[in-house]
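Down below is the structure, laid out as structure tokens.
The values are calculated or read from the model by the stated rules, or taken from the named source; none is laboratory data. Just so you know, these numbers come straight off a predicted model, no measurement behind them. Cβ placement follows ideal geometry from the backbone for every residue including glycine, while neighbour counts extend to all protein chains displayed. Accessible surface areas use protein heavy atoms only, side chains included; no ligands, DNA or RNA. Shrake-Rupley method; radii C 1.70, N 1.55, O 1.52, S 1.80 Å.
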Amino acid sequence: MTPQASLLGRITDYANRADPYPLYEELRKTPVLHEEEGGPYVVSSYYDILSLLHDPRISSDAANLTAAGDDELSGPEATGLPPSFIRLDPPEHDRLRRIANSSFGPPHRPRRIDSMREDLGRIVTELIDGFGDAQQVDIVDQFAYPFPVTVICRLLGVPREDEPRFRTWVDPLVASLDPDTRRTADADFQRIARESRMQLGMYLAGLVEQRTKEPRDDMLSDLAASHGPDGSMSMMEVLSTAVLLLIAGHETTVNLITNGMLTLLRHPEILRRLREDAGLSVTIVEELLRYEPPVQLVPQRTCIADIELHGVTIPKGSRIWLVLGAGNRDPERFQDPDRFDPDRGDIQHLGFGSGIHSCFGAALARLETQLALAELARRLDNPRLLEDPPPYRQNAVLRGPRHLLVGIDGVRS
Amino acid sequence: MPAEEFHEWLRREGRIVIVGASLAGLRAAETLRAEGFAGSLTMIGDEPYEPYDRPPLSKAVLLGKASPDHTELPRRREIDATWRLGVAATGLDMAAKRVRVADGDEVPYDRLLIATGVRARPWPKEDEAQLDGVFVLRTRDDAVRLQRRMKAPPRRVFVIGAGFTGSEIASACRDQGIEVTVAERADAPLVGALGGVIGTVAAELQRDNGVDLRTGVMVTGLEGDSTGRVRAAHLSDGSTVETDVVVVSLGATRNTDWLAGSGLGAGPRGIACDAGCRAFDFRGIVTDDIYVAGDVARSPHPLFGYQFLSLEHWGNAVAQAEVAAHNMISAGADRRPHLWVPAFWSSQFGVNIKSVGVPSLGDEIMITQGSLAERRFVGVYGYQGRVIAAVSFDNTRWLEFYQRMIETGAPFPVDFPTVDRRPEGRKPVPADFPDPSLPTHGPTVTLSGYSPADRHLVFTPARH
Ligand SMILES: Cc1cc2nc3c(=O)[nH]c(=O)nc-3n(C[C@H](O)[C@H](O)[C@H](O)COP(=O)(O)OP(=O)(O)OC[C@H]3O[C@@H](n4cnc5c(N)ncnc54)[C@H](O)[C@@H]3O)c2cc1C
């Protein structure tokens, strides 16, 4: 890309994927950045993002997004599936999220996540055992990817062995969330994304049908059978919810774990402390969500009224990007923001967003990552980075290494 | 000693006494230590327990989900204090800088923090209040006694007063299948705090959950049997309700009696202080060594015309304690004002209720999101053309936005669309608060511009 390229262009440019933070610093100098006619309004300070995440004039509705002209993916006609609750506003959003939550978290299932702890521990152990006596492992392929996939499959009730099948549909879907790809994408690419979503939906429909006949202890069964005070989901709603949970349930955690391992390897002193005290993983994961959040920006918001921010009027109907990764390192909010410091007193972050769309699976993602990092730290003997920076995934929204090659002297028992 | 030097000395070897060893007292103590106070710290509390948390007492504890003996407040850090628990402070000598305690001792201080909170207002007829089966709910001991009786289980619980605590108790009863009658002088539950529009929703909520709700009535008397156990309550409409447990939820009284005659600006409405938590004496002159925080404090608030505000809000107790502690050991320019935006939450009948600002100041309300009929909504209160408060039922996550509107004095009525606005919410309606001169169960916010000591002084201006 040429040096004159827009700031946003440089942020989405793959060349800057490994370290977007200097660009974010530049971004924060303009509280509301609007680089081109018809382009998004970009907000990057911690307090501004937080306030917009709670602003009822900001919509996540796919229909509003499409009207603002950038979201071919979400129209119901386009894919045959209605938008999932992440792309809806209240009251529909609230209804669907509540039904989904009733089989997942408090108040109905307060212990569902915690009761998975042992199970998760076992999966982690098996994966690390699987490293054998290799001198080199790829943390992504051998651990950070298979772990959350296995977990979300179990939770939803999707057969783990079908992973190669749904992978072919998930990949193009996830790629289509990347604003850079999207801008350069041709019609074919969009068509493939739409078809993938439909295929994935149809695949899940088969499973849901089975569960309707023979319910088991999994979320697909619960979603299909829910008859709470909010009524039940239609079949189509069950499917789009399941698509959402399946994808969001692992695409982000992979990055959180990988970013975590990378960060620890760059901070050997903290890695050593974690090895001695697994309890440190709690604050490490919180600080990671601030320092290297797996979701870097939220590009799916539009405003339904004129909004004034720092003297700039964002006109009704405009798209708004909230750059979480930049807000998390805002020196106005955090002392020494570019330092990875799990000991900082008040670790707050936008890593899970905030407001009604705040990450549905936060509790699960936290637990998975805490267990994963603590166990990797404990068992890997003399781990060291073989490539720094590692190669990154294409995506600017869901950012993380594609591979993370680590040299080890062995695996402890 | 110059101020700077004095504060250095104070931080190093001063003596700080905190009266009231509960939420505000504990958080203040922790803040003192966190900010480097190394002197001696004495915590005086009349309850025999380490600081514990009260909100669960009317929620999880009554539901049997938490033990009343285990609601200790989590500790943020070591405070290395001398604890004098189970001993009440009985007097204050401002000139000698000493606190008198019940065992006859006197504790000297260089800085004093008063955080004595409030106590439940008892049933006014003393002999009836003594009946076995009549309870209030403020302390851990209260909760233990009430919970034991609820386990029995009673045939019917009778709650006097449908404010937040009374409503939460009713909710806990219904949740366990216990019959409950609630009597409220106003026309609906929660009206003192949230007004009649929301009160109507609260009333439906109670009735749908099987509460026998009697509004617009007063309890005229409680009746005991020959063994001294309560057996019935009589109402002003002539009806009688048979009951074996009565919970009196008539609001609270400030714990300031022990300060009578001390010269401090302390009265039944609390202890007046400046925005920096420094207490006023009864002449309205600010003291420099006595601070107040929590439910017992009344402080002027710029968002509400600098009227004195006393709040019975958990979050306020924490925030005010932190500011008071900071200011106690800081010299002038480093002091901070306590400018907390009031916020209160409650949970009852499966609904999360939260308010920000001071709803009872509002004269109009408009529903900006959701719907009253669904009991999921955000309502905004207006006062003289600006947003003064907001309340949410099962919609907490939006309130931050409304808080900012309150802070910036945003105009009312609200004229922009929101993501979940239904037709009913398009226009403001009267919020319908009862006449403030009529007592209700006692709201959790009191605004008053009265003289600091609430005494009837004769005003004699100095002659020139
Ligand atoms: C049942 C219940 C439910 C509640 N629910 C909520 C809720 O949902 N949300 C919310 O925001 N708030 C709620 N509150 C209010 C919240 O608990 C109070 O705002 C908070 O406890 C105030 O803390 P404080 O330290 O100022 O006072 P308190 O907690 O009242 O503590 C004062 C302490 O000082 C002691 N004391 C009094 N006089 C003396 C003396 N002379 N000498 C020594 N010690 C003395 C008292 O015994 C007490 O231990 C609830 C309160 C109760 C009782």
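Being surrounded by fewer than 20 Cβ atoms within 10 Å (Cβ to Cβ), free of Cβ contacts under 8 Å to residues at least 60 places away in the same chain and within 14 Å of the ligand (Cβ to nearest atom): is that true of B:D103 here? Yes. Restricting attention to the range B:312-340, and to residues there that are open to solvent by less than 10 Å² (accessible area, probe 1.4 Å) and within 26 Å of B:A162 (Cβ to Cβ), which single residue is farthest from the ligand (Cβ to nearest atom)? Per the criteria, the residue is B:N316.
May I ask you to verify whether B:P122 is open to solvent by 60 Å² or more (accessible area, probe 1.4 Å) and within 16 Å of the ligand (Cβ to nearest atom)? Spell out how you get there, then give the answer.
Details: open to solvent by 60 Å² or more (accessible area, probe 1.4 Å): yes; within 16 Å of the ligand (Cβ to nearest atom): yes.
Yes; evaluated as a whole, the condition is true for this residue.
The single condition among (1) over 30 Å from B:R11 (Cβ atoms); (2) in contact with a helix residue (DSSP H, G or I) (Cβ under 7 Å, 6 or more places away or on another chain); (3) within 16 Å of the ligand (Cβ to nearest atom) that B:I271 does not meet is (1). Checked against (1) in contact with a strand residue (DSSP E or B) (Cβ under 7 Å, 6 or more places away or on another chain); (2) free of Cβ contacts under 8 Å to residues at least 40 places away in the same chain, B:V230 passes all but condition (2). Candidates are the residues of the range B:284-304 that are within 16 Å of the ligand (Cβ to nearest atom) and either within 15 Å of the chain's Cα centre (by Cα) or on the phi > 0 side of the Ramachandran plot (or both); the one that is farthest from the other protein chains (Cβ to nearest Cβ) is B:R298. Restricting B:V241, B:V217, B:V197 to residues that are more than 16 Å from the ligand (Cβ to nearest atom) and part of a loop (DSSP other than H, G, I, E, B) narrows the list to B:V217. Can you name every one of the strands (runs of 3 or more DSSP E) wholly within the range B:305-378 that holds 1 or more residues which are touching a Ser or Thr at 6+ places or on another chain (Cβ under 8 Å) and more than 14 Å from every other protein chain (Cβ to nearest Cβ)? By residue number, B:307-311, B:343-348, B:351-357.
Among the residues of this structure, B:A170 counts as one that is within 16 Å of the ligand (Cβ to nearest atom), surrounded by 15 or more Cβ atoms within 10 Å (Cβ to Cβ), outside any strand (DSSP E or B) and aliphatic (A, V, I, L, M). Taking the range B:22-50 as the range and being more than 6 Å from the ligand (Cβ to nearest atom), away from chain A (no Cβ under 14 Å) and assigned to a loop (DSSP other than H, G, I, E, B) as the test, the residues that pass are B:G36, B:F37, B:A38, B:G39, B:P48, B:Y49, B:E50. If you scan the range B:180-190, which residues turn out to be open to solvent by less than 10 Å² (accessible area, probe 1.4 Å) and either within 22 Å of B:S239 (Cα to Cα) or at pLDDT below 95 (or both)? Once the filter is applied, which keeps residues that are open to solvent by less than 10 Å² (accessible area, probe 1.4 Å) and either within 22 Å of B:S239 (Cα to Cα) or at pLDDT below 95 (or both), the range B:180-190 yields B:V180, B:T181, B:V182, B:A183, B:E184, B:A188, B:P189.
Taking the range A:80-112 on its own, how many of its residues are open to solvent by less than 30 Å² (accessible area, probe 1.4 Å) and in contact (Cβ under 8 Å) with a residue 24 or more places away in the chain? Walk me through it before giving the result.
Pass one, the range A:80-112, residues open to solvent by less than 30 Å² (accessible area, probe 1.4 Å): A:81, A:83-85, A:87-90, A:93-94, A:96, A:99-100, A:103-105, A:112.
Still in the running and in contact (Cβ under 8 Å) with a residue 24 or more places away in the chain: A:81, A:83-85, A:87-90, A:93-94, A:96, A:99-100, A:103-105.
Final tally of qualifying residues: 16.
Taken together, A:G355, A:G345, A:G361 contain a single residue that is open to solvent by 40 Å² or more (accessible area, probe 1.4 Å) and either within 30 Å of A:T302 (Cβ to Cβ) or within 14 Å of chain B (Cβ to nearest Cβ) (or both), which is A:G345.
Just one of B:G228, B:G177, B:G199, B:G195 is under 18 Å from B:F135 (Cβ atoms) and open to solvent by less than 60 Å² (accessible area, probe 1.4 Å); which is it?
Numbers: B:G177 fails: under 18 Å from B:F135 (Cβ atoms); B:G199 fails: under 18 Å from B:F135 (Cβ atoms); B:G195 fails: under 18 Å from B:F135 (Cβ atoms).
Within the list B:G228, B:G177, B:G199, B:G195, the selection yields B:G228.
Scanning the range B:259-304 for residues that are in a loop (DSSP other than H, G, I, E, B) and farther than 18 Å from B:R336 by Cα yields B:A260, B:G261, B:S262, B:G263, B:G265, B:P268, B:R269, B:F282, B:R283, B:G284, B:I285.
Just so you know, in the range B:379-395 the residues that are surrounded by fewer than 24 Cβ atoms within 10 Å (Cβ to Cβ) and aromatic (F, W, Y) include one that is nearest to the other protein chains (Cβ to nearest Cβ), and it is B:F393.
Of the candidates A:Y41, A:Y24, the single residue that is under 14 Å from A:I314 (Cβ atoms) and buried (at least 16 other Cβ atoms within 10 Å of the Cβ) is A:Y41. Going through (1) surrounded by fewer than 21 Cβ atoms within 10 Å (Cβ to Cβ); (2) more than 26 Å from B:G216 (Cα to Cα); (3) within 14 Å of another protein chain (Cβ to nearest Cβ); (4) touching a helix residue (DSSP H, G or I) at 6+ places or on another chain (Cβ under 7 Å) one by one, B:R422 falls short only on (4).
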